[in-house]
């Protein structure tokens, strides 16, 4: 048993994978040899982390999620149960398209709900919220709340996950009181 991180006996962590201190890897996970996972992460049951992926610190990946080649997940991200990443726009079983992988980026603090699908080549902005079951086909701005198929922006969300209601160009998080400014359809904390 590794002293630095927890690995359930049924999990496979291939030699060469980099796993940060305090990370917990649960039942039936598979971590490939060129994967990088930060510290204090939790990988639920049946998570697959492919080669050439990077997962930041404090990330929570729920059951049945595959993080495929070319996906970057920054710190403090939440990936809900059975959400899906893709890495090729037009897959065919009889044509190898590994040279056509498109990178996907999930920025700091973003949350992706259960059963959502993230089409490759998009960026999910910092602290954005993707609703359960959504299909994301285009970039999501920081602090945006999106849902639907295809996902459309339905509002703004605070770092703490509360809806923001702007009076003019400012809003306060109802949970924390943190203040935000809306400038040119972009939200910034102030």
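The values are calculated or read from the model by the stated rules, or taken from the named source; none is laboratory data. All values derive from a computational prediction rather than experimental measurement. Methodologically, a virtual Cβ is constructed for each residue, glycine included, from the backbone with ideal geometry; neighbour enumeration extends over all protein chains shown.
The residues of region 61-102 that are under 24 Å from residue 148 (Cβ atoms) and outside any loop (DSSP other than H, G, I, E, B), listed by number, are 61, 66, 67, 71, 73, 78, 79, 84, 85. Only one of the listed residues (144, 167) is over 18 Å from residue 87 (Cα atoms), out of contact with any helix residue (DSSP H, G or I) (no Cβ under 9 Å at 6 or more places or on another chain) and surrounded by fewer than 20 Cβ atoms within 10 Å (Cβ to Cβ). That residue is 167.
Test residue 80 against the stated conditions and say whether it is free of Cβ contacts under 8 Å to residues at least 24 places away in the same chain and surrounded by 19 or more Cβ atoms within 10 Å (Cβ to Cβ). No. Scanning region 43-67 for residues that are in contact (Cβ under 8 Å) with a residue 40 or more places away in the chain and under 19 Å from residue 117 (Cβ atoms) turns up just one, 62.
With respect to (1) at pLDDT below 95; (2) over 16 Å from the mean Cα position of the chain (by Cα), the lone exception for residue 24 is condition (1). Residue 107 meets the conditions (1) modelled with pLDDT of 95 or more; (2) over 22 Å from residue 62 (Cα atoms); (3) surrounded by 15 or more Cβ atoms within 10 Å (Cβ to Cβ) in every case but one. The failed one is (2). Among the candidates 155, 177, 109, the residue that is out of contact with any strand residue (DSSP E or B) (no Cβ under 8 Å at 6 or more places or on another chain) and more than 27 Å from residue 64 (Cβ to Cβ) is uniquely 177. Among the residues of region 153-168, those that are farther than 19 Å from residue 77 by Cα, modelled with pLDDT of 95 or more and in a loop (DSSP other than H, G, I, E, B) comprise 165, 166. On the stretch given as region 89-125, residues that are under 13 Å from residue 139 (Cα atoms) and free of Cβ contacts under 8 Å to residues at least 24 places away in the same chain total 4.
Within region 170-189, being in a loop (DSSP other than H, G, I, E, B) and surrounded by 10 or more Cβ atoms within 10 Å (Cβ to Cβ) holds for 173, 174, 175, 176, 178.
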